[in-house]
Structure formats: C-alpha cells, structure tokens
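One structure is given below, encoded as structure tokens.
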Amino acid sequence: MARLKTKAFGVVGILAAAFAGPAFADHHVPVSDAEMGASDMAEEPFVRPDVRAYLDKLAANPRPAMTAEMLAMIRKLPPEMMKPVDDAPIGDLGEIRDVKMPGPGGEISLRLYDSRPAGEREPGPVIVFYHGGAFVVGSIDTHAGLTAEMARQLDLPVISVEYRLAPEHPWPAAPDDAEAAARWVAENGAAFGREFTGLVISGDSAGGNLTLVTTLALRDRPAALPVVMQLPIYPSSDRTKVYPSREMFGEGYGLGNGSVPQTDFYKAEKTSWRASPLLANLHDLPPTVLVTASLDPLRDEGRAFAAKLIKAGVPTTYFEAHGNIHGFATYRKAIPSAREDTAEFLALAETMLENVTEKQADN
C-alpha cells in the first residue's frame, strides 16, 4: 500500500458512506437548497503567492474573447502552436503511441502514454482521459504534460481521446465520442500492445464532465471491461444553476472572457444527465476521487457531486486545492505549487485504486 502524505496546500476528505450523515450531505447540496458557498462570499478568499503572480500576469496580458471568429482562427493554427506554455513538459516515458478508432461521427484519434514499453507492461487497468477546454478548444497535445505525469505517478497506461469540439460539433457529439472511445479501448487492448483488465475514467474541466457522463453510461450499459474508478478533475456537473462559486470566481481567477466562450457553442440540453450529470441517480458508481480548487468557479458543483456520491453510498475521496484556481493541473510550470497539488491528488487516486485492487483480490 502506498503511503499517503497530506500536504498543507490541499484540503482532503476521504469520505465513506458510513460517515455521510445528514449534516454533511445538507451542507453540500446545490445552492437552491442550502445556499452553498454563501459563507465563503463574506470572506476575502486566500490566494497563494505564486497563484497571485500568475493571475496578475494574466490580467496584464488579457486573452482575446473566445468568439466564433477566434475559434475559427484557432482551428487553422498548426499543432505545434497549440502546445501549452504553462504546463510541465512531457518528460521521459517508456512509450507514446498514436492509434485511430472508428467513432460515431468519424475517425477518433487516441494517444497512449505509458511509463513502460509494451513488453514490460503486465495486464492491468488503463486510464481513459478526456481533455478540458470548455468543449470548444483543447486537444491531446494541450494536455500531454498532465497525461504523461498521470502515467508516471500511477504507473498505468493513459489513453487520451481527441473527441469532437463545438461549435462545429455541438452536444451530444462530445459525450458520444467519449463513451465510444471508452468502449473501444475496453475491447482493443491489442491495438496498444497491452492487455487491459479494467477502466479508470478521467478528465479535467469539460473532460471532467465527460468523465462523469461516461461513467454513468457505462454503469447503465457496461463495457467489455468494468470501470474500476473515476477521477474527475474540477468537473462541470450541473448546467441548470448558477452556484455561488461561479459568481465569486467567474472573473479575475483565470476563467474570464478570454478563457470561456461568451456564447453557448456547446448547446447542450441542460436538464439531461448527459450534460448535467449531477441530476442523475448516482447509486452503484465506481470508487471516485474528485478534484476541485478553492478559487474555481466550478468548485461548488464539484462539492455537490461529491456529497451526492457519498449519500448514494459510493466510496469517495474529495480533494480541494486550497488557494489555487481552475486548471491548476495544467499550470504546473507557471504555478510551481500546483505540482504538489497534482502529485497529491494522484497519490490519493493511487491509494484508492490499490484499495479497489485489494478488495477484488479478496473476493
């Protein structure tokens, strides 16, 4: 069993259904029921020094608005210009492999990241990862540093999915591709030179939403392999309400006009669980490690989803990066302390996965 070190930067709760009393559940329900986050609004939020330096830099060099015209320009840029400048580099890996699969709307690109070459990888779980980007930007390349780090720290192969983006492909193209990719990976380990025994579904931001949606879909109609864990990273979980954290941190904390579309290009049906997974019945979902940040507009949605998981009896670990912002796992170069946050929630995921493996062995 890996030893877990809880660092001062993170607020960590390892939560089991047995300890999920009504007081905890009521404190973390959506805003309309308990005005979640209202107490936070009365206090000046804590911002770490390196986070403040990053935010000041963004304020001094604001991004252009994410309009349809701007997205059209972005689509024309060569891939090398879309590589992240704020994240740590990919680093050393045993293998990176590109694979194509048939998808609901055409070919889908997949990329394997593994700390071990194929010949040294024993049968085991595989992580299926969906990148963030508000469903309109982002790619396998923009999240290569994070997926590589996940492969190293968790010592598991990671397969990153290039799902379709809006506005060219509005909802439900993204969840359709995400689910199709997970099902295909479950049946095609040989395409990656490996034998997979289970799925770990993960993603950040918009990809965190796809994580929750895909895991629900595979619960209701199982894939060829079981989902043994999900790892949503600052996910969007509810498009039907405006939570206090959205109002508190919507501007000035990294997700301003230049970071998110001001027009709803995604065009999701907000009351569908495939857009707002918090509305779904969450019983019988796999063990979950859910990550948020205390200065994240999506924080309260993450808190609400974690609370509902616990109330449903799902083994849940909740990690909130105190004093950090949305996207921190891909800002590890620009925000040095984000490296510790990322290492910590991956350590939590490693511990959760080890617990799952031990229980499976006992059974």
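Dipole of the chain computed with +1 at Lys/Arg Cβ and -1 at Asp/Glu Cβ about the Cα centre; of PRO287, TRP273, LEU346, farthest Cα towards the positive end is TRP273.
Under the convention that each Lys and Arg Cβ holds +1 and each Asp and Glu Cβ holds -1, the size of the dipole of the chain around its Cα centre is about 240 debye. From its DSSP helices (H runs of at least four residues, each -39,500 (n - 2.57)), the chain gives a residue-normalised ellipticity at 222 nm of -10000 deg cm²/dmol. For segment 72-80, putting each phi into the Karplus relation 6.51 cos²θ - 1.76 cosθ + 1.60 with θ = phi - 60° gives couplings of 5, 5, 4, 4, 8, 6, x, x, 5 Hz, in residue order, rounded to whole numbers and with x for Gly and Pro.
Computed from backbone phi with θ = phi - 60° and the Karplus coefficients 6.51, -1.76 and 1.60, the 3J(HN,Hα) list for segment 169-177 is 10, x, 3, x, 4, 4, x, 4, 5 Hz; x is used for glycine and proline. Ordering GLY302, THR263, THR317 by the projection of their Cα atoms onto the charge dipole of the chain, which places +1 on the Cβ of Lys and Arg and -1 on the Cβ of Asp and Glu, puts THR263 at the extreme positive end. For GLU95, nonlocal amide neighbours, meaning residues 5 or more places apart or on other chains whose placed amide H falls under 5 Å from its own, are ASP114, ARG116. Simple point charges give the picture: +1 on the Cβ of Lys and Arg, -1 on the Cβ of Asp and Glu, and for segment 61-192 a dipole about the Cα centre of about 220 debye.
Going through the cross-link list LYS83/LYS270; LYS311/LYS359; LYS100/LYS311; LYS308/LYS359; LYS57/LYS100, which pairs have a Cα-Cα distance over 28 Å in this structure? With Cα atoms farther than 28 Å apart: LYS83/LYS270; LYS100/LYS311; LYS57/LYS100. Which of the aspartates and glutamates could a cross-linker bridge to LYS267, judged by Cα under 13 Å and excluding same-chain residues fewer than eight apart? Within reach: GLU168.
Values in this text are rule-based calculations from the coordinates and carry no lab data. From a predicted model like this one, the values you see are computed outputs, not experimental measurements. In this analysis, Cβ positions are derived from the backbone assuming ideal geometry, glycine residues included, and neighbour counts consider all displayed protein chains.
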